[in-house]
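First up is the structure itself, then whatever we jot down about it.
The values are calculated or read from the model by the stated rules, or taken from the named source; none is laboratory data. Predicted, not measured: the structure shown is a model, and the values here were computed from it. Every residue, glycine as well, gets a Cβ built from its backbone with ideal geometry; the counts of neighbours run over all protein chains shown.
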Amino acid sequence: MKALKVTKLLSILLLLVLFTTVTCFAIKPAISSTELLRNVIVGSIKHPVDAHNQKLTGSVDVLFTVNDNGTLNAIKILTEEEQIAKCVKDQLSKITVKGLNLPKGQLYKVKISFKLC
């Protein structure tokens with residue numbers, strides 16, 4: 001009788017530990033839409049080939065909005081290298097972020113760094 005109670009108690013305890021462990025591993029912190037947007041842009045913009053060949057490096061600050069169709073509208077591209085600014089603007093116009101449900105018309109800023117490998 002006592003062994004049966006201990007077995008039931010151990011079974012319940014095992015289920016609680018198992019449920020708690022599964023719950024803890026199943027919950028992952030959510031990444032914000034803004035962070036996803038930044039990741040998409042930084043992952044999509046490539047170092048311009050001509051700039052790379054000329055060993056031009058540096059950072060570009062991009063100010064933009066998201067249009068209703070999910071395309072990006074470059075408002076301002078801040079850099080000392082005009083060649084890099086033009087290339088970034090061209091690449092930015094090809095990016096679509098429709099599935100992120102971002103507020104339209106909001107101004108965003110992303111810093112992109114170009115380094116030589």
Requested in this report: For the stretch 86-111, enumerate the residues that are under 12 Å from VAL40 (Cβ atoms) and not in a helix (DSSP H, G or I).
Outcome: LYS94, ILE95, THR96, VAL97, LEU102, TYR108, VAL110
Report summary line: Output for Cβ contacts, cut-off 8 Å, separation at least six or different chains, first residue under 13 Å from ILE75 (Cα atoms) in the stretch 88-100, second part of a loop (DSSP other than H, G, I, E, B) and among the polar types (S, T, N, Q), reads VAL88/THR79
Requested in this report: Specify the residue that is farthest from VAL97 (Cα to Cα); the eligible residues are those in the stretch 26-60 that are hydrophobic (A, V, I, L, M, F, W, C) and modelled with pLDDT under 80.
Outcome: LEU56
Report summary line: Inside the stretch 38-68, the number of residues satisfying the requirement of being closer than 16 Å to LYS86 by Cβ, touching a residue at least 60 places away in the same chain (Cβ under 8 Å) and of a type in the set (A, V, I, L, M) is 2
